[in-house]
Amino acid sequence: MARLRRIIARLSSLFANQRAELDLAREVASHLTLLADEFERRGMSPEEARLAARRAYGGVEQAKQAHRDERSLQWIEQTMQDLRYGLRTLCKSAGFTITAVLTLALGIGACTAVFSLVNAVLIRSLPYGDPDRLVYLFTPSPHIPIPPEAICPSYADFFDLKQQSHSFASMTAFEQAAFTLTSQGSVERVGAARVDESFFSTLQSMPELGRAIDANDNQPGHDKVAVISHSLWQSMFAGGADVLEHSLTLDGSSYRIVGVMQPEFEYPFSSDLAYGNPHIKATEIWLPLALTPQQKADRSPGAAVTVARLQTGVSVSQAQSEMSTLMARFNKLHTGERKDWGALVKGFMDNALGPFRPLMKLLLGAVSLVLLIACGNAANLLLARATVRARELGVRAALGAGRNRIVRQLLTESLLLGLGAGAIGVGLAVLFLRTLPLLDPGNIPRLREASLDANVLIFTVAVSLLTSITTGVLPALIVSRVNLTDFLKTGNARQTPGGHSRTQSALIVAESALVVVLLAGAGLLLRSYVNVLSVPTGFSESTVTLNISLDSRYSQPQQRIAFFHNLIDKIAVLPGVQAVGAVNSLPLSKSESLSTFRIDGYAKEKDQLAQSRFVTPEYLSAMSIPLIAGRCFTDADNSSTSNTVIVNQSFARIYFADRNPIGGRISQDEHHSQWKTIVGVIADVRHTSLEEAPAPQIYFPLFQDAFGSAYIAVRSLVPTKAVAFEIRSTLHTIDPNLAVADIRTMGDLVSEASARRRFQTSLLTLFAAIAFVLALVGLYGLMAYSVSRRTPEVGIRMALGAQRTDVLILVLKKAAWLLSTGLISGLAASWVAMRAIKAFLFGVDQHDPTTILSVCVLLAVFGMIAALIPARRAASIDPMQALRTE
């Protein structure tokens with residue numbers, strides 16, 4: 001807003017200077033007028049008198065300046081006159097003004113709303129110093145078929161890169177984490193990050209209060225300090241200045257608060273990291289990473305995210321080349337099967353925002369089409385209004401007004417319409433932004449920060465001015481062509497508006513074509529969304545799930561196993577619970593585990609991978625996952641001596657196509673000395689996403705591994721809220737210092753998995769609906785205008801024997817011609833335009849004939865309905881009354 005205030009102050013200063021210059025120019029002009037009158041009385045012509053007055057006033061240069069002052073004064077006075085006259089004219093035609101302003105406001109409001117999203121997501125400055133110099137570092141492997149952004153450098157590689165590279169000014173590593181925060185008897189899970197001493201300096205974002213985490217804090221044994229977010233400071237400590245004297249209790253351990261971050265800094269958000277922890281929406285606490293010497297020497301790919309800042313003058317490609325060279329050297333130090341870790345340097349902004357740029361471009365393109373349709377409608381209204389103003393413009397031309405003067409007057413009126421529409425459009429954009437949280441998919445960065453800041457308001461003013469020119473220039477040029485000779489002969493200027501019909505028809509055809517493009521795009525996205533929702537997930541969407549994470553008090557494996565056994569047993573006896581199980585990672589939770597394997601009797605293929613899950617015996621029942629063959633796990637399978645696994649249908653189809661998978665053996669260890677027996681085959685489950693076909697999956701007994709965190713799945717006849725309450729109460733009786741997190745149904749996860757598609761489909765459908773209504777209104781307006789112009793003609797036809805049906809068909813034929821021409825043009829345009837949304841489609845072709853045909857039928861039917869109203873009015877004209885009117 002400070003920027004906006006500076007702009008307003010600057011404009012005020014300019015206007016003040018202009019007023020002073022205007023007063024001076026008026027004084028000079030009055031002196032020149034007196035002198036010119038004196039010279040005219042001496043017998044000079046008016047032109048000679050004005051020239052002599054300027055020379056007498058102060059010489060040639062002063063005369064030139066006086067002439068310029070006079071011209072400026074004349075221009076300003078004419079502009080003020082145009083504004084006053086335009087306001088009076090628009091106020092007299094209230095119906096026209098309201099219709100035109102609302103039509104343009106819809107287009108401007110839609111553009112403003114979408115630009116506010118683009119501004120928040122792509123344009124607005126991030127709370128980091130020079131973010132364009134920040135990069136992420138990854139170490140992908142060509143033999144692991146997962147996105148390269150999912151593999152981060154090992155700690156040993158990180159420290160070697162930090163020491164030996166010359167492309168980076170600084171480098172930092174951090175791990176996402178979640179802790180149980182205990183405060184005044186209540187417990188909750190909070191998002192956190194363990195960071196090294198270079199974290200805040202690399203991002204160039206320092207605390208608002210206190211200090212950042214330093215090198216001493218990252219020494220094991222000195223790491224019980226914390227930096228907290230501004231929001232946590234406000235909610236937990238009420239913004240007290242003594243916050244640095246307090247501590248936090250995280251997972252039962254006390255951490256002294258040493259700093260409070262700035263309000264806008266909550267990095268990393270869940271949407272900042274392509275493969276981050278999806279359950280950490282924003283980071284509220286930063287703790288020291290505090291690595292041990294053994295961890296620093298570990299060369300296995302790590303979970304730590306690496307961010308670096310490029311040296312001044314170093315490009316991403318140069319840094320990529322150097323990192324590739326260094327990783328080739330470091331690979332010689334790796335042991336085990338994997339010794340081919342690569343290098344990838346990716347821009348910080350590209351990694352965080354790259355996936356969303358196509359979506360923002362799609363929305364901007366859609367609202368641009370809506371704005372063009374609104375401008376076409378407004379231009380048609382201006383042309384139709386010329387019928388009423390024909391005599392007025394003819395009189396002005398007869399009195400000496402030149403074409404430029406008339407065009408300027410009409411453009412001034414168009415400018416007033418555009419500015420009024422811009423003001424209302426801002427209000428519509430505010431309403432849109434208030435409803436935006438209902439559509440927020442949750443994974444678009446900073447979407448909820450969309451607001452009408454100075455950039456958006458400047459954009460709105462620019463769009464309003466551009467809209468005014470686009471809307472007004474064509475009608476102004478056409479209307480201003482007054483044939484003065486014909487007007488003086490006939491006493492009217494009816495021939496002027498009569499020549500507008502071709503232009504108006506062309507505008508309607510163009511609008512119809514644009515609507516076909518928008519409706520086709522919305523229809524294809526809508527069908528894609530329906531296809532995604534109809535994908536079989538393989539589990540029950542009514543199952544209630546929640547996450548339990550144990551703290552450091554459960555350090556022994558047997559303690560963790562006993563806790564989850566006890567919790568599951570107690571939940572199983574709650575009223576209404578039918579089945580309860582546990583899994584290390586839920587389907588569609590954006591958390592995936594891949595492992596290599598070998599099948600006894602099957603030749604191993606290169607980079608043979610399968611997804612892995614660890615489950616309890618009742619998990620499949622709790623999730624309603626069908627058993628296809630064999631059996632489920634039992635309690636006996638949880639023993640350390642049991643070597644049993646369950647596979648999915650895709651696994652059995654690929655690797656046991658010609659034999660029974662039950663009894664088959666799988667090995668996962670490097671030397672293939674331990675074999676596990678397949679005891680069951682279950683239905684495929686969509687684990688990665690709704691839009692990816694199920695991959696081969698292997699299920700292991702959960703309690704063969706002592707996980708410190710697990711998801712509990714509950715199938716119950718009781719409503720979700722009641723189940724959640726009972727589970728919280730049960731957990732509190734077992735351990736009051738643990739918190740339940742992520743309570744939701746599997747249906748909620750399905751909804752989240754399709755949220756971005758729902759977001760883009762909803763917005764594009766909304767814009768297509770606005771364009772559709774505007775096109776119908778435009779067609780109706782044109783046909784009504786045509787009927788009003790042809791009233792005398794219709795009267796004559798009916799007086800000569802034409803039936804009302806003939807008149808009805810006459811009007812509808814013109815509408816049908818306009819619609820058919822628009823549909824044909826729209827089909828050609830959509831054939832090209834649909835390539836832009838090909839990447840957004842699922843299960844439907846970009847040229848799907850069913851969708852395109854449906855769009856054409858929809859526009860044709862409603863277009864003819866819109867034309868039927870003025871057609872019936874034309875058919876009901878009284879011939880005698882029409883002839884008397886003529």
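The values are calculated or read from the model by the stated rules, or taken from the named source; none is laboratory data. Only a predicted model underlies this, so the values are computations on that prediction, with no experimental measurement involved. Cβ placement follows ideal geometry from the backbone for every residue including glycine, while neighbour counts extend to all protein chains displayed. These accessible areas exclude ligands, DNA and RNA; they are computed on the full protein's heavy atoms, side chains included. Shrake-Rupley method; radii C 1.70, N 1.55, O 1.52, S 1.80 Å.
Summary of values
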quantity: Positive minus negative residues near I257 (Lys, Arg vs Asp, Glu; Cβ under 13 Å); calculated: -2
quantity: Region 146-252: trypsin sites (Lys or Arg not before Pro) falling in loop per DSSP and having at most 11 other Cβ within 10 Å; calculated: none
quantity: Region 606-701 - percent relative contact order, Cα under 8 Å, separation 6 or more; calculated: 43 percent
quantity: Distance in nm between pseudo-label sites at I628 and L438 (7 Å out along the Cβ direction from Cα); calculated: 4.2 nm
quantity: Percent accessible area from carbon and sulfur atoms, region 554-736, protein chains only, probe 1.4 Å; calculated: 51 percent
quantity: Rounded accessible area per residue of region 787-868, 1.4 Å, Å²; calculated: 55 Å²
quantity: Heavy-atom SASA rank of V473, V456 (probe 1.4 Å, accessible area, largest first); calculated: V473, V456
quantity: Cα centroid of region 700-740 to Cα centroid of region 254-327, whole Å; calculated: 31 Å
quantity: Net charge over other residues, Cβ less than 10 angstrom from the Cβ of S247 (K, R count +1; D, E count -1); calculated: +1
quantity: Note, ³J(HN,Hα) from phi for region 757-769, Karplus 6.51, -1.76, 1.60, rounded to Hz, x at Gly and Pro; calculated: 5, 5, 4, 5, 5, 4, 5, 5, 5, 4, 5, 5, 5
quantity: Simple spin-label estimate for S555 and A693 in nanometres, 7 Å along Cα-Cβ; calculated: 4.9 nm
quantity: In nm, spacing of pseudo-spin labels at T677 and R211 (7 Å Cα→C-beta vector); calculated: 6.2 nm
quantity: R0 of 30 Å, Cβ-Cβ distance D658-D340: FRET efficiency to nearest 0.05; calculated: 0.35
quantity: Over 23 Å between alpha carbons, listed pairs K590/K676; K570/K721; K332/K676; K361/K590; K224/K346; K224/K296; calculated: K590/K676; K332/K676; K361/K590; K224/K346
quantity: Cα-centre dipole for region 761-818 with unit charges at Cβ (Lys and Arg positive, Asp and Glu negative), debye to 20; calculated: 140 debye
quantity: Protein accessible area in region 150-304, 1.4 Å probe - carbon and sulfur %; calculated: 48 percent
quantity: Accessible-area value, M44, 1.4 Å probe, nucleic acids and ligands omitted, Å²; calculated: 70 Å²
quantity: Percent RCO, i.e. relative contact order, over region 554-736, from Cα pairs under 8 Å lying at least 6 residues apart; calculated: 34 percent
quantity: Exposure of E266 as accessible area (Å², to 10), given a probe of 1.4 Å and all protein chains; calculated: 40 Å²
quantity: Area of W341 that stays accessible when all protein chains are in place (1.4 Å probe, Å², to 10); calculated: 20 Å²
quantity: Heavy-atom SASA rank of D272, D635 (probe 1.4 Å, accessible area, largest first); calculated: D635, D272
quantity: Residues whose placed amide H lies under 5 Å from that of N648, excluding near-sequence neighbours; calculated: I682, Q697
quantity: Per residue accessible area in Å² of region 140-342, where ligands, DNA and RNA are left out and the probe is 1.4 Å; calculated: 43 Å²
quantity: Residue-span extension gain [R329 to F725] - 0.36 nm each, minus C-alpha spacing; calculated: 137.0 nm
quantity: Highest average packing first - 117-124, 610-617, 594-601, Cβ atoms within 10 Å; calculated: 610-617, 117-124, 594-601
quantity: Whole-number accessible area per residue in Å² for region 554-736, which is evaluated in the context of all protein chains at 1.4 Å; calculated: 45 Å²
quantity: FRET efficiency estimate (nearest 0.05) - Cβ-Cβ, S254 to I424, R0 56 angstrom; calculated: 0.50
quantity: C-alpha center-to-center spacing [region 525-593, region 85-102] in angstrom; calculated: 62 Å
